[in-house]
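What follows is calculated from the coordinates using simple rules that are stated; it is not laboratory data. Computed from a predicted structure; not experimentally measured. So basically every Cβ, Gly included, is an ideal-geometry build from the backbone, and we count neighbours across all protein chains shown.
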């Protein structure tokens, strides 16, 4: 007799029921919604009442609204109403709020309360925008060398070592010139002890200057590039959060590229502008000891640099940077009470506040400038060939007299528009990119195309499953019905695991599910053919069932393990859709091993295990 112990039947039942419950949220679909968030204001019931009042006045009815954390989600019946509502809500709330288009799960409350959510849909199924971005590693190295220049100045002054000039070389590295070899040798020891990741070389120029060359070694270069890439990924994540995008995909590809996928985004121009921008700020003192005209005539004083403001007027600033945007932890746009123009309120972290306080303590009554720095990459045609040109924009956006010692919070004025103030505040909140990035590939998938992909993908998977069902019933009869039931359970378990892991389902992922259906039935074919062989050899029905499952197991195990290894390598090495295919394939293999062996045997044991059999309907 073939019988399972009671605990095995209970285990199978618990797993199947749990799978059905976990997969349930995917049956309810998603509602068009608005996601309202703010980094400077708290989302409360007052915000919700304000939005509801504005929508009622415009004759728009929201299905529901709910507050989760510092986000408010307002659901609508269709996408047309959603789009109309976005403009109304943006005007109602004003500046300081991000109102993003979203798709909110229509999962019943009792499921959401238990933490059950549907799986995410990828870009090809939901629609949105895909960017492939390349990090400018040469610029990352240049910026690192510029930091070394500033650090060397401070270090040599602290050790009372006199030098003539110090600066970054165009060919790479830093060069320091001294008046005599003794000062240079002392500097080599001091710099060498402080910066062990630099290669220091002594030399002499034709003019008799004593020189010191410092070059980053290979380890330092690799670390700089790796840090730039990781810092850019972190910054991009923050910027995407500011845009209010749900379920974004931001991941590294290769050594210098980043993939950004924003499902559901419809304003691609703004997404491009925000993600690719490299805006940051520098605070410098105005050089009031030298004449601007001398700098215009080509005689720029040592320790100073010529800039231009937005009215194209020259401004002479000191080279020493008081503070950079790296210390900014918050920025909010608003209106300046004095001038009535747009402004940005800056909040510094503790370290930045101390630096700024010490730097401005002795500068009260003098002028300080705010330099806006941005990198733009444009593709232009030269001689019939498309060439990418980088433009570095450095302009003074504000010059003001320091009236008092500055600290943690202060204001920046001189911006052209409220939109520019909002964008600058967003970029400063998210942080500056460690190195400029360039969008090398852009793809947009419309929501209608995503729905079409879902329809076609689901139809193809369903048709494949139906053909398998028909074949199994005709060829294996009752055992075929058992295999079909196991296939349904297999798909339910895969969907349940995708939902539990909050994985993203893509079109290749649907292909992976369809493939696991074939692999699961293949395992049952091996078992059933083995049972038929045992019957042909004259064994009893119960002995044939036992031998069929026992002897086919090792073959099924070997074939599934080799496929699982391939899927794991695809997941480790692949990106984007390939990872989606690997995830569903891996989960499908694990679930098919359970459903094709454990579940089918439990059902077969229930049907045939307690009876005397003259034969089997196989």
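Using every alpha carbon pair in segment 517-570, what percent of pairs falls into each 5 Å bin from 0 up to the bin containing the largest distance?
Bins of 5 Å from zero give 4, 21, 24, 19, 13, 9, 5, 3, 1, 0 percent of pairs.
Going by Cα centres, segment 553-577 and segment 347-376 are how many Å apart?
Between the Cα centres of segment 553-577 and segment 347-376 lies a distance of 56 Å.
Please work out the FRET efficiency for the pair residue 578 and residue 326, using the Cβ-Cβ distance as r and a Förster radius of 35 Å; give the result to the nearest 0.05.
E between residue 578 and residue 326, to the nearest 0.05, is 0.45.
Express the relative contact order of the chain as a whole percentage, based on alpha carbon pairs under 8 Å and six or more residues apart in sequence.
17
Work out, step by step, the length gained on full extension between residue 106 and residue 164: first 0.36 nm times the residue separation, then minus their alpha carbon distance; give nm to one decimal.
13.9 nm is the gain from fully extending residue 106 to residue 164.
Rank these for me by crowding, 546, 213, 536, going from fewest to most other beta carbons within 10 Å.
536, 213, 546
Relative to the longest principal Cα axis of the chain, at what angle does helix 478-500 sit, 0 to 90 degrees, rounded to 10?
20
Hey, fewest Cβ within 10 Å first, where do 499, 357, 65, 595 land in order?
357, 65, 499, 595
Which part of segment 308-347 falls in the paramagnetic zone of residue 291, meaning amide N under 17 Å from the point 7 Å along Cα-to-beta-carbon?
Residues 314-317 qualify, since their backbone N sits under 17 Å from the label point.
Kindly give Rg over Rh for the chain, based on alpha-carbon atoms, with the Kirkwood expression for the hydrodynamic radius.
1.11
Counting other beta carbons within 10 Å of each Cβ, put 80, 394 in order, fewest first.
Lowest count first: 80, 394.
Please list 475-486, 557-568 highest first by mean number of surrounding beta-carbon atoms within 10 Å per residue.
475-486, 557-568
Relative to the longest principal Cα axis of the chain, at what angle does helix 181-194 sit, 0 to 90 degrees, rounded to 10?
Helix 181-194 and the main axis of the chain meet at about 30 degrees.
How many angstrom lie between the Cα centre of segment 484-522 and the Cα centre of segment 105-175?
Comparing the Cα centres of segment 484-522 and segment 105-175, I get a distance of 37 Å.
Note the full-extension length gain between residue 79 and residue 470 as 0.36 nm times their separation in residues minus their Cα-Cα distance, in nm to one decimal.
Result: 136.8 nm gained on full extension.
Per-residue ellipticity at 222 nm for the chain, helices alone: DSSP H runs ≥ 4 residues times -39500 (n - 2.57), over residue total, nearest 500 deg cm²/dmol?
That comes out to -16000 deg cm²/dmol.
Rounded to the nearest 0.05, what FRET efficiency do residue 351 and residue 44 have when you use their Cβ-Cβ distance and R0 = 35 Å?
The pair residue 351/residue 44 has a calculated efficiency of 0.60.
What does the extension gain come out to for residue 204 and residue 218, with contour length at 0.36 nm per residue minus their alpha carbon separation?
That pair, residue 204 and residue 218, stretches by 2.5 nm at full extension.
Within segment 325-351, list the residues whose amide N lies under 12 Å from a label point set 7 Å along Cα→Cβ of residue 367.
Answer for this model: none.
At what distance in nm do the modelled label points of residue 409 and residue 537 sit from each other, each positioned 7 Å from its Cα along Cα→Cβ?
8.4
State the Kirkwood hydrodynamic radius of segment 138-221 in Å, one decimal place, computed from all pairs of distinct Cα atoms.
12.8
Taking Cα pairs under 8 Å and at least six residues apart, what relative contact order does segment 540-618 come out at, in percent?
42
Rounded to the nearest 10 degrees, what's the angle between the helix 507-536 long axis and the longest principal axis of the chain, both from Cα atoms, 0 to 90?
30
Expressed as a rounded percentage, what relative contact order does segment 138-221 have, with Cα pairs under 8 Å and six or more residues apart?
25
Please list 582-591, 146-155 highest first by mean number of surrounding beta-carbon atoms within 10 Å per residue.
Top to bottom by mean Cβ count within 10 Å: 582-591, 146-155.
Among 403-413, 324-334, how do they line up by average Cβ neighbours within 10 Å per residue, starting with the highest?
Highest mean packing first, the order is 324-334, 403-413.
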